Amino acid sequence: MSDPANITLVTMDGTTFTVPSAYLHRSKLVQDWLRSEGDKQAMEVKHVTPFVLQGVLNFCEIHAEDTSEPLADPADPTKPFEADPRDDAFRGMPDDQLLQFTMAADILQIPELVRLTAQEMASRIDGKSPDQIRAMFNPDDLAEEDVDSDNEMGEVGEEGAISK
Amino acid sequence: MDSEANIKSPLVHSLPPEILTSVFSHLIPPVDSLICLSLVCRHWANVALSTPDLWHTIHWDTTNNPRRSESALHKLTKIHGLNVADLHILFDALDGLQPEHDHSSRGHFKIPLPNHLESILFRWETQTWQDLLSHLPHLTSLVITLTNTSRIPSQHRLPANHLLHLLSLACPALESLSLGDDIFQAEFLTHTFLPAPSTQPTPVRGPTLPLLELVLPRFNRLTQLRLCGTDTLAENGHTCCVYQPRLLSVLARTLGPRLKEFASYPALRLGHVTHAIEIEKDEGAWREFCEVCTGLETWHFGICETLTNAALVEWGRIKREKLRRLVFLRKDGGGRGGWRFESEGFEACLRGCPGLKELEVWMSTGTEWHATFNDPLFSTLPHFLPNLTTLILWDYRAVTPVSPLPITTLTPLTHLPHLHTLALSSCPLLLSASILSFLRSRHAYNTTSSTAFRLQFRDTAQHDPHRLQTLRSLAVDPAWKEWVQDPMVNFFEMAVEIDFRAGMYAREGAMGEMDVIVKEIRRTYGRIIDVRQKIRGGRGSEPEVVTGKLEVEFFYGMAGGEDEDEEEGDYC
């Protein structure tokens, strides 16, 4: 049985990270795993690279002793977002990395990190054109059929979609 | 590790819907962004258009959006109307007249084409608006702000009464209605709600009083009502005139205790129009309003054309526990009579507002009531208004300063622990030593960046020794230098501004005098203080004046110690 005070996470390429379990008390995925499969040696975190997981664990360590109520819904409008200077590293990262952290926060189900990355993404795309947004996030990977180029500056159509 | 950062970056269109919803929910105003984001890819469009919660608020801003037509809004409400609670329409008629949204070929110039009716976005067609509103049964807040509406032909303007009638039937859940919403926006209802060509002698611009009396009871939840520029011409203002004491009775009887805010702002360009209520014409209506409307949270005394001690005593007779903001705004001209209250009436008024947080007095005319704000009155503020956060006594006319306020000390304000904003002007008897002493006293309260204190102080006196006395003191008094350079004082902003009007700059000696002050401040404080000088030309009979303003925003704390201090380090 693994040490209950620590937890070991294994990334997509087999890299392991062992950290105090208390760091991840806001991760619903980890908490569920500890309850159901806590006797196993390590928890696999597929689809997350070591670089991203390291960043996520840094976030968790920084906020490990926070006493605020856990956030139930990252999009809850009744809980206004307040920038925390401790999270400046997340606000300064490149767009594609931010996207990866957003996905990782969702996979690990850490609402506070989801809100942080979502808010940062929102601030970056706010006021930009669709083309600019595509250019920010992996334009080469965007499949042609996913872009409705005819709809630029279109109106709201009958079905609520955008049409010329 | 960095090389791993770019391994298998997720695609922008592969983000799970719940993540996208979270991202979209942070965008303000939502609808502009949502429509733009739905063009990024089909996945984003599906999420943006199929998530009801994202359509709770629609900000329909036509500025530089040629496609934001009335019919487009109509279509949008047909689809998402059931989820819309907050609708804010910002409409600029000129934008609707632009032939194309193409900055590269046409630059930013707006090209008015008044004859091309098909290019007008909002036509105020009754049928369209009736349909539009019918899709908004859960609407709780409606704000319509329009500019440049004079270019809209009269046949495309919606009568105010008709709009209110439609609203009252289609949107019974409305809690807040704001028509206009900008005190400096003159032409909104004046033109938009004009039912007939402006050549007719008796145009009715806003909703009439009988209509308000009829429709307000239908809004069972209405608590906030703002009207801008609504009224009839004074010379014809008989039964149509909305600003008369009977309006107070209507508000009392139809909205009563649930009325939280009623605001009315005049159309500035129409000096002959009355926008205020002559209380003395029906004191019973004022009494009824004061007794019944006890739920007020914000009240603007500006609409009360004639304000006396008796009226304020009547107001203060009933405790208004919920009142948080009280505004006195008395404009130049256009009105009959004036305010004639004294300290006695003002004290009585404040005594009735124990929870007040913001007290604003915007002065431009009426010397009698200016004298009301004196030392004895200041000494009562900590007793009557212990929760005060904002105190503004400001002469907003820079050209011809009003008579001065006879205040000599700020000591009473040192007992207001929550105070974070103080703006004073035209106080020649208030020595800068008293101001500095007051700023030092904030050491007990304003100790973090979130509780920073903001002071604006303006000298308007034109004769020595009071002319620019605060800036002079700042330039030469070592006590100011000691305070500014105190490491415990952390500045967000510290600036001085000297404003020359109408030839004062060219006066013999004026330049040299001001130069000495500016040079000394720059020499003593370097870049800590931002020094600005404005020179403006005069018009007609405007007097030659020079005014000086000091702006400070700061908090006390040891820089570089705690996290918060580090955050503010750049400002120090």
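Each value in this text was obtained by applying a stated rule to the coordinates, not by laboratory testing. Just so it is clear, the model here is predicted, and its values are computed rather than measured. Here the Cβ positions follow ideal geometry from the backbone for every residue, glycine too, while neighbour counts run over all protein chains shown.
Modelling each spin label as a point 7 Å along the Cα-to-Cβ direction, I'd like the B:Arg340/A:Asp84 distance in nm, to one decimal.
6.2 nm
What is the distance, in nm, between label points placed 7 Å from the Cα along the Cα-to-Cβ direction at B:Ile318 and at B:Arg253?
So the two model labels end up 1.6 nm from each other.
If you average 1/r over every pair of different alpha-carbon atoms in region A:22-136 and take one over that average, what Kirkwood value in Å do you get?
About 15.2 Å, per the Kirkwood formula over Cα pairs.
Please give the contour-minus-distance gain from B:Thr408 to B:Arg523: 0.36 nm per residue of separation, less the Cα-Cα distance, rounded to one decimal in nm.
Full-extension gain reported as 38.4 nm.
B:Asp53 to A:Asn6: FRET efficiency via 1/(1 + (r/R0)^6), r the Cβ-Cβ distance, R0 41 Å, to the nearest 0.05?
Taking R0 as 41 Å, the efficiency between B:Asp53 and A:Asn6 is 0.55.
Measure off 7 Å from each Cα along the Cα-to-Cβ vector at B:Leu329 and B:Glu368, then give the distance between these two points in nanometres to one decimal.
Reported label-point gap for B:Leu329 and B:Glu368 is 2.3 nm.
Normalising by the residue count of region A:6-141, find the relative contact order in percent from Cα pairs under 8 Å and 6+ residues apart.
After rounding, I find 26 percent.
Sticking to Cα atoms, compute the Rg of region B:14-55 to one decimal and its Dmax as the biggest Cα-Cα distance, whole number, in Å.
Gyration radius and largest Cα-Cα distance of region B:14-55: 8.8, 24 Å.
On a full-extension model of 0.36 nm per residue, what is the gain between B:Val476 and B:Tyr445, subtracting their alpha-carbon distance, rounded to one decimal in nm?
8.4 nm
Can you tell me the mean projection area, over all orientations, of the convex hull of region B:365-471's alpha carbons? Units nm², please.
For region B:365-471, the mean projected area of the Cα convex hull comes to 6.9 nm².
Under 5 Å between amide H atoms, partner at least 5 residues away or on a different chain: which partners does A:Met43 have, H built in plane at 1.01 Å?
A:Thr8, A:Leu9, A:Val10
Once amide H atoms are placed 1.01 Å from N in the peptide plane, what residues at a sequence separation of 5 or more from B:Ser425, or on another chain, have their amide H within under 5 Å of its amide H?
Result for B:Ser425 returns B:Leu393, B:Asp395, B:Arg458.
Past 25 Å, Cα to Cα, is the threshold; run B:Lys357/B:Lys481; B:Lys519/B:Lys549; B:Lys75/B:Lys260; B:Lys481/B:Lys549; B:Lys260/B:Lys357 against it and keep the listed order.
Pairs exceeding 25 Å: B:Lys357/B:Lys481; B:Lys75/B:Lys260.
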